[in-house]
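Some notes on the structure that comes next.
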Amino acid sequence: MNKFILLPGLLLLVAILFTGCTTEPSAGLPLVTPVDTTPIVTPQTPSGTVVGNPLTTPGPVEISIKASPEKYIPLMSSTVGIGLTPIYTGSVDVVYSWNTSYGYFISWNAPDGKVNQLGDTVETTNETIYWSYPHDDMGKEKPPVTVRLIIKRPPRVHGGSGTIAWKDIHIDWENTDTAVIEQT
């Protein structure tokens, strides 16, 4: 390679690297902020009158929980617990996060009868989950129950997920052992 071309090329590269690389104004001059010269286009009606674009604010997300049956005791043979199904009006994929102040959740696949006890906190994409309480607690005084559903966006690869909405339902007791959904 010709050394006469290499030296000026290196000097040019160094000059390019050092040009405009400072954030401090030189010689007390203020930094120049670039100005956006993109023209603003205002919608107009055919008569030429200016029309504003209406702002749209997303409405509140409607959420409720369908509970069935409304009364439950572990001796019932027709179900493994109170079925809880979220009623959600949103249109994005979500994760249902359930937690309870007493008892536990169960997944139940009715066609094959497979029952899995899940614990007092569960995250799932399945809509229906069941709530029950320990058979050993029958005949004992039990606390009022709050079941909370939090609907969230699924976690993303680079972090972040967010609560979309949440809803509580309450369960009271009838005759010590019958769990009854509190009507709101």
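Given the stretch 63-181, what count of lysine pairs have C-alpha atoms under 25 Å apart, with each pair 8 or more places apart or on different chains?
10
Testing the spin-label approximation: label points 7 Å from Cα along Cα→Cβ at residue 164 and residue 12. State their distance in nm.
5.7 nm
Points 7 angstrom from Cα along the Cβ direction at residue 73 and residue 125: gap in nanometres?
4.0 nm
Given the options 151, 169, 85, identify the residue whose Cα lies farthest towards the positive end of the charge dipole of the stretch 63-181 (+1 on Cβ of Lys, Arg; -1 on Cβ of Asp, Glu).
151
Expressed as a whole number of Å, what is the distance separating the alpha-carbon centroids of the stretch 117-184 and the stretch 62-106?
6 Å
No lab work stands behind these numbers, since they all come straight from the coordinates. Note that the coordinates shown come from a computational prediction; the quantities given were computed from them, not determined experimentally. With ideal geometry, Cβ positions are generated from the backbone for all residues, glycine too; neighbour counts draw on all protein chains shown.
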